[in-house]
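The values are calculated or read from the model by the stated rules, or taken from the named source; none is laboratory data. Because the structure is predicted, anything quoted here is derived from the model rather than measured. So basically every Cβ, Gly included, is an ideal-geometry build from the backbone, and we count neighbours across all protein chains shown.
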Amino acid sequence: MALRDAPIAAALRAGLALGVAALGTGSTLAYFEESLPTSMNPLYASAMVDYRSQELVFDRLWFHDAITNELKSRIVERYELVDGGKGVRITLISGVKWHDGKPMNAKDLCFTVDAMLDKNTPSPVAQEYRQFITGCEVTSGQVATISFNRVFHNPRERLGFALLPREAFESTAISPDLEFSAKPIGTGPMKGSRGRRGAIFDAFANVHHTPQVAQLQLQDAGDPLVQVKTIINNGVQGIIAVPPPYRPDLSSNDEVALKSYDLRSWWFIALNTNKGALADPRVRKGLNLAIDRTALREFTIGVKAGEENSPCEFISGPFVQSSPYYNRAVPTVDRSNKAQAKALFEEAGLKDTGGRWHYKNAPITLRVGMLAPLNNEAPDLLSYIGNQLSDAGFDRNDLKISADEWKTNVLTGKATDYDLLIGKWSFGLYEDVNHLFHSRTGNAGKLNLFNYKNADVDATLQAYDRAVTDTAARDAYHKLHTQVAEDLPYLFLWKLDTRSAWRTEVRGNIISAYYYFTEIDSWKYGR
Amino acid sequence: MDAAFAGKPDEARAALASLPPDAAAEVVKAAAAWQSWLDAGAVWPPDAALAGLAGPGVQVMAGQNPDGGPHPQFRLTERSAEARTVELGDPTQLYLLSRAHEAAAKAAVPADAAVIDLFLAPWSLPAEAGPATELAIPVDDSWIFAGFALSGADLVFLADASTAGVPAVQRHLASSPLAAVVAPAIVDGQVVPDKMLDQAAWLGQQVEAAMREAGGGEQSFHPPFARLASVAALRAAMIVADANDQYRDAGVLRVNALDRSVEGAADPVFLISVAAWDAGNRNALRAQELVHRLHRRYPALQAARYSLDFLHIRTSRNAAPAAPVH
């Protein structure tokens, strides 16, 4: 670029009158989400859209600054460690109002803790907090002490739960099907409500929040091409997750900016290890070799074989490759190997009759389900996987599963009539996968989709839980990676980067890792 | 040896003094080299004292990417009942590698050593002396083609801004296009990120318009150059804000520059600097992703993975719990 110093400097100085009209406030922003939130109750997030929506409505006790990672709170005035580090005394700021106008105080804080400790609150999030919080006691109006079962030098890092309003509930046993899940009351920057076709978030000025966007309108994402056209035409101002094939179109558009969203998501095909032929690990290994991930990735996500810095990277276990828990010694299976797959099926006793595999003298028909919103990110993935299974000699029955059904049937381990389930898991900094693979016993294995059982895997997961040192935790998960890559309760597919798009009129739109809208107060809309 | 790199020799002495007597031999060897530099007065650079530590990967040859030598550099035994193995990378190797690159670049074009110093200035370690901020030699266009300086004067501006901050903008306004683009985004002595985002977008549009006019129409190669200019502007403002003690504002600009650093504008030096900045903030998530993305092409970066991995495990095991979601 042969730009000479003086002329361009002069040209630039001349052009510096570049005018940016005053920003409008009080405006409305519409955006496409992956799906509608399944719950706006922070105890019952089951999808990333839930976390993102809840972040608008509630204040978490402490959070990390999206830019500097500094630990901050908007609702805690001060704190001090008590009982030698087995407790923290918290003074909440005064004047904060719930969205119903009532004042927030220490009783709300202790109610939230008590609700999480209540065993009749069937929340996976609460269950994690029960591991170390033992109680909460109100000292005075804005002061309460939270106690732990062990000493923490910096308990604030662990206290990232959202505050719930005591007066909105009849008891500390909070179930997921209350009206609160659709019309929550928080102290966050936006008052939210979910309808049948979308969700609305209205700005709620408070002593600790000054949102500059009057309203956010969440719309259920449909066809990605329609999403892209709509944002270009200013029909909406944002798209939370832009599928990779559409990113170049938006990247080259001056009126739209692509934004990074730090999220660790990996995709999988869960296999029903308790059903028919799939109970035999050799059949699972055969399927692992029958699937051609490179072709799937090319057809659905548009990544060419060998493409460098692809947004979609294969994985061989339950972590993304950049994670310290990913065991890099376990190779990925990028291409199908039909000869090896066939040998494994035969070894397992399947019979090839007329090009179809038979088990116990009956042709195998695989019932394959996919979480429906994934079709937006990886169009036609369900069909392509089904076609590959057909090519490998299996009849199949493809079904898309709505987000609600996924939550009520799949996550609860009730979808046992399926053979294969295509889904994805998302993580932030916290990458605990124990609930995915531990057998469903007691409080363990809450997200074990097909009630997979493997005593060796259970032992490894318990070793992770017991790990005192960082190396012990890492070694346990490296071992887990090896075990599940061998036993294959899942066929591990890939991780997929998430990129958002926002129109350039949206200003100050800092996107937080995982929670997304943590800095919504700084967002503005207008030229 | 982060204290030494940070220009804090007393802290480095204290760290070395805490080395246990039964430390592993390779650690003792590295510590002895640094100790000899400290004993000799801790005058930067420490290259002579560290020369014996340069592994086989620290050789820079034209057309090859040095791999930084075998990884991990250290394998230590954890002081726990299980006595697990802890793997570590040594930043000394990365430092020596960077010095070898610098020497090779200067050997290739000795007449332009001062230009190379200017390029390196924004990336210099706290312990290193800043370069001269007056350029007495002409900068050939080939130095800045498809780069993040729009002119030779920008190199001088960026070097000056990396220590002086806002005053450097005024000093170089007449000669440096980047200074001219940053200037309107400064209000009351502070860089205003929102204004700078406008400036960067505007610069990209102007560059594209100028190329269109000069070339008689739109060409497919125009947008990548516009993107380079836009990212260059954001990075320039980030440098100014950093030196102006606007840590968070500089972070906002850094993240925005990162978002736009795609395709031809994905400068690995900048990307890895963002990873280092994140690591300094104990934000391992993005840092790991950036290092992971780059380490296949630049294998020496493997040295950075060990400590990042442990930072991640340490912070995640102390983090607020969250259930996996879809």
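Couple of notes before you dig in:
- Some residue of the stretch A:227-240 being within 30 Å of A:Gly413 (Cβ to Cβ), within 22 Å of the chain's Cα centre (by Cα) and of a type in the set (S, T, N, Q): no
- Whichever residue in the stretch A:412-425 is at pLDDT 95 or above and within 14 Å of chain B (Cβ to nearest Cβ) and, among such residues, is surrounded by the most Cβ atoms within 10 Å (Cβ to Cβ): A:Ile422
- Some residue of the stretch B:39-46 being within 21 Å of B:Ser273 (Cβ to Cβ), buried (at least 19 other Cβ atoms within 10 Å of the Cβ) and of a type outside the set (Gly, Ala, Ser): no
- Of the residues examined, B:Ala229 is one that is within 21 Å of the chain's Cα centre (by Cα), within 11 Å of chain A (Cβ to nearest Cβ) and under 25 Å from B:Arg286 (Cα atoms).
- Filtered residues of the stretch B:166-219 (kept if touching an Asp or Glu at 6+ places or on another chain (Cβ under 7 Å) and more than 15 Å from B:Leu234 (Cα to Cα)): B:Ala168, B:Arg171, B:His172, B:Ser175, B:Arg212
- Screening B:Ser36 on (1) touching a helix residue (DSSP H, G or I) at 6+ places or on another chain (Cβ under 7 Å); (2) buried (at least 16 other Cβ atoms within 10 Å of the Cβ) shows it passes everything except condition (2).
- Residue in the stretch B:259-270 that is within 11 Å of another protein chain (Cβ to nearest Cβ), part of a helix (DSSP H, G or I) and under 14 Å from the mean Cα position of the chain (by Cα) present: yes
- Considering only residues in the stretch B:283-326 that are closer than 22 Å to B:Val60 by Cβ and not in a helix (DSSP H, G or I), the one that is farthest from the other protein chains (Cβ to nearest Cβ) turns out to be B:Tyr298.
- Put simply, of B:Asp309, B:Asp259 the only residue that is among the acidic types (Asp, Glu) and closer than 30 Å to B:Gly69 by Cβ is B:Asp309.
- Meets criteria (crowded, with 23+ Cβ neighbours inside 10 Å and charged (D, E, K, R)) for A:Lys453: no
- So A:Ala415, is it under 18 Å from A:Ala279 (Cβ atoms), in contact with a helix residue (DSSP H, G or I) (Cβ under 6 Å, 6 or more places away or on another chain) and either in a helix (DSSP H, G or I) or touching a residue at least 40 places away in the same chain (Cβ under 8 Å) (or both): yes
- When the stretch A:182-225 is filtered for residues that are in a helix (DSSP H, G or I) and touching a strand residue (DSSP E or B) at 6+ places or on another chain (Cβ under 9 Å), only A:Pro224 remains.
- Boolean, A:Asp262 is more than 11 Å from chain B (Cβ to nearest Cβ), under 30 Å from A:Leu411 (Cβ atoms) and among the acidic types (Asp, Glu): no
- Sole residue being surrounded by 23 or more Cβ atoms within 10 Å (Cβ to Cβ) and at pLDDT below 95, chosen from A:Ala221, A:Ala205: A:Ala221
- Evaluation of B:Gln93 against the conditions (1) closer than 30 Å to A:Thr471 by Cα; (2) assigned to a loop (DSSP other than H, G, I, E, B) shows that the sole unmet condition is (2).
- Odd one out for B:Asp245 among (1) part of a loop (DSSP other than H, G, I, E, B); (2) under 19 Å from the mean Cα position of the chain (by Cα); (3) at the interface with another protein chain (Cβ under 10 Å from one of its Cβ atoms): (3)
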